[in-house]
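I have placed the structure first, in the form of structure tokens, so that the comments after it can refer back to it.
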Number of protein chains: 2
Amino acid sequence: MKDIAQFFKVLADEARLRMLWLLFNNQELCVCDIMETLDITQSKASRHLATLRHAGLVTDRKVGAWSYYSLRPAESELARAQLEALRASLATHPGARAVLGDLKTWLRSKPRGGCAANSRTTREALVQER
Amino acid sequence: MKDIAQFFKVLADEARLRMLWLLFNNQELCVCDIMETLDITQSKASRHLATLRHAGLVTDRKVGAWSYYSLRPAESELARAQLEALRASLATHPGARAVLGDLKTWLRSKPRGGCAANSRTTREALVQER
DNA sequence: CGCATATATTCGCATAACCGGTTGGACGAA
DNA sequence: TTCGTCCAACCGGTTATGCGAATATATGCG
């Protein structure tokens, strides 16, 4: 039964829930889409996506330097049922709705060919501002 | 969405899952039934039951010195659906089946009027054995 | 009252989880 | 090849969680 506890542990984090919710509603997203939409650091985004990947809930497809993440069909019946219940419940959750709005806004304003939000030069520029 | 993460956190522990499973299959159990069946310390049993109680998943009914725990109807639709999926999945889980066997065995051999497994004198007797 | 039992709670510690900042590898454009 | 961007992984530090032992509280019996 340890495996089941482990599964719930993966879901027991707000950042990961929000990522799953984004992927419930979009075929594919790259890491920078997720970090921009959720307003989290690149480190945090990558870390939690790795957790979801190790748990078998998402897959990534690499295209050049980008990683596009997407949902992965559940392997166990438990996972399938839990995720379905989660999705249904999030659909009526006010916070979840807001996140989808943020995603749409970001995708609309996203510069074609790279967002550069987490680049070295951008970070250095931010440091200069002080 | 923090509330949902919090809910999953409660389920993300093997001891708590096993307790829930026992209560799925029995109207009421007292703390010593649970600690004997799951072979855990009294402290651990009480602590995790308190967590489940605070999360609103179980209630306790006091009769004298005993506390009888039982399931409590889920308050949110999320909780209801998740717990139902969990129950269904545990029903086919080999480990879960074994635990139910342990419970039956314990209840059959349980001394009428108290189990005295965690009493002061019993603990002291165990210390003498060394 | 004095003592045994059932349960809850506190305490100190170990470990797990999470975090931001940073580093390093991969890749593509110049 | 050098530079800039995307991403994963590492580093140290902080917080959260879980544990057993010990203690506290409540009940009831004689």
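The values are calculated or read from the model by the stated rules, or taken from the named source; none is laboratory data. Since the structure is predicted, the reported quantities are computational estimates derived from the model, not experimental observations. Heads up, the Cβs are rebuilt from the backbone with ideal geometry, glycines too, and the neighbour counts pull from every protein chain shown.
Just one residue in the set B:Leu49, B:Leu11 is within 14 Å of another protein chain (Cβ to nearest Cβ), within 12 Å of DNA strand D (Cβ to nearest atom) and of a type outside the set (Asp, Glu); that residue is B:Leu11.
Would you pick out the residues in region A:76-108 that are closer than 15 Å to B:Asp3 by Cβ, among the hydroxyl-bearing types (Ser, Thr, Tyr) and either in a helix (DSSP H, G or I) or at pLDDT 95 or above (or both)? A:Ser89 - this is the single residue of region A:76-108 that is closer than 15 Å to B:Asp3 by Cβ, among the hydroxyl-bearing types (Ser, Thr, Tyr) and either in a helix (DSSP H, G or I) or at pLDDT 95 or above (or both).
The test for being near DNA strand D (Cβ under 10 Å from one of its atoms), more than 14 Å from chain B (Cβ to nearest Cβ), in a loop (DSSP other than H, G, I, E, B) and of a type outside the set (A, V, I, L, M, F, W, C) holds for A:Pro111. Restricted to region A:14-43, and to residues there that are within 13 Å of chain B (Cβ to nearest Cβ) and more than 30 Å from B:His93 (Cα to Cα), the residue that is nearest to DNA strand C (Cβ to nearest atom) is A:Leu38.
Taking region A:18-66 as the range and being assigned to a loop (DSSP other than H, G, I, E, B) and surrounded by fewer than 21 Cβ atoms within 10 Å (Cβ to Cβ) as the test, the residues that pass are A:Asn25, A:Asn26, A:Gln27, A:Glu28, A:Asp39, A:Ile40, A:Thr41, A:Ala55, A:Gly56, A:Gly64, A:Ala65.
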